[in-house]
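Structure record follows, encoded as structure tokens.
The values are calculated or read from the model by the stated rules, or taken from the named source; none is laboratory data. Keep in mind that what you see is a predicted model, and the values were worked out from it rather than measured. Note that each Cβ is placed from the backbone with ideal geometry, even for glycine, and that neighbours are counted across all protein chains shown. To get the accessible areas, we keep the full protein, side chains included, count just its heavy atoms, and leave off ligands, DNA and RNA. Shrake-Rupley method; radii C 1.70, N 1.55, O 1.52, S 1.80 Å.
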Amino acid sequence: MTFLDHLEILRWHLIRSAAAVVVFTGIAMANKEIVFHDIILGPSRTDFFTYRKLCEVGAAINSAGLCINKLDFTLQSRELSSQFTMHLTSSFVIGLLLGFPYLFWEIWSFIKPGLYPNERENSRGAVFFVSFLFLVGSLFGYYIVSPLSINFLASYQVDPSIANEFDLSSYISTLVTLVLSCGIMFELPMIVYFLSRAGIVSPELMRIYRKHAIVVIAFVAAILSPPDVLSMTLMGIPLLLLYEVSINISWWVRRRDLAKLNQQATS
């Protein structure tokens, strides 16, 4: 195939991917009450799932401090088109989250024919695992990082005379940033898997540069999270755990490759 033929195929993959995101975006826009009241504004109310579970845990261990029964802030829309714009933005983000598995599958369908047979074998299940990790990361960002960060930022005051009245766009941008950032960061094990298969990363290398990785993780968490220590910590700790998991994945990949080489040598 010529270069233009490849571009034509890529164009149709992108068109189908965009169409899927548009369809899910339209569904989200048509269900405005569910999207905003239950999903987007959920972490802004004390009846949110995470807050209720924290209260149950606090009651079980006799620690009232864990229960979040008050969120002392109000949301405002200060611009004429703010609510409509945020409706479009939120619907698009939900459409992107729901359409991500199909979007990645289309991209992978374009890449896969150009791989060697052994590369196809090594990348089996890539669509499932990439989509699964992205979903788990997004749920972690929505149910863990976002509510705790919102509670911390909403309850923080430099002086009691200052009322917390946040703009709707600021609230939604913070929520979207946390959710998408966690979804992307949870792809670290898959990235390490492919780099290990390519011989670029090894478990010894990751152990040697563990201290450097901690600094990089702290830097990334500081950039992606809101400017507070709690959000940075909530985002940094899972990254550290994922890094340790990735070391084991790299070790498993090398062990499997060595087993295959030994089998080939003895056959």
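Annotations
- Within segment 63-81, one or more residues are exposed (fewer than 12 other Cβ atoms within 10 Å of the Cβ), assigned to a loop (DSSP other than H, G, I, E, B) and of a type in the set (A, V, I, L, M).
- Filter result for Glu106 (acidic (Asp, Glu) and in contact (Cβ under 8 Å) with a residue 40 or more places away in the chain): yes
- Within segment 143-169, the residues that satisfy the criterion of being in contact with a strand residue (DSSP E or B) (Cβ under 9 Å, 6 or more places away or on another chain) and at pLDDT below 90 are Leu153, Ala154, Ala163, Asn164, Glu165, Phe166.
- Segment 226-248: number of residues that are open to solvent by 40 Å² or more (accessible area, probe 1.4 Å) and under 20 Å from the mean Cα position of the chain (by Cα): 10
- In the set Phe92, Phe36, only one residue is under 22 Å from Tyr142 (Cβ atoms) and either loosely packed, with under 14 Cβ neighbours inside 10 Å or in contact (Cβ under 8 Å) with a residue 60 or more places away in the chain (or both); that residue is Phe92.
- The helices (runs of 4 or more DSSP H) falling completely within segment 115-185 that include 2 or more residues that are open to solvent by less than 40 Å² (accessible area, probe 1.4 Å) and in contact with a helix residue (DSSP H, G or I) (Cβ under 8 Å, 6 or more places away or on another chain) map to 126-140, 146-155, 168-185.
- In segment 110-129, the residues that are farther than 13 Å from Tyr193 by Cα and touching a residue at least 24 places away in the same chain (Cβ under 8 Å) form Cβ pairs under 8 Å with partners that are open to solvent by less than 90 Å² (accessible area, probe 1.4 Å) and not hydroxyl-bearing (Ser, Thr, Tyr), at six or more places apart or across chains, as follows: Phe110/Ile9; Phe110/Leu10; Phe110/His13; Val127/Pro101; Val127/Phe104; Val127/Trp108.
- Ala218 meets each of the listed conditions (1) open to solvent by 60 Å² or more (accessible area, probe 1.4 Å); (2) over 16 Å from Phe140 (Cβ atoms) apart from (1).
- For beta carbons closer than 6 Å, sequence separation of 6+ or different chains, a first residue in segment 206-222 that is free of Cβ contacts under 8 Å to residues at least 40 places away in the same chain and a second that is surrounded by 16 or more Cβ atoms within 10 Å (Cβ to Cβ) and assigned to a helix (DSSP H, G or I), the qualifying pairs are Ala213/Tyr243; Ile217/Gly236; Ile217/Leu239; Ala218/Gly236; Ala221/Met232; Ala221/Met235; Ala221/Gly236; Ala222/Met232.
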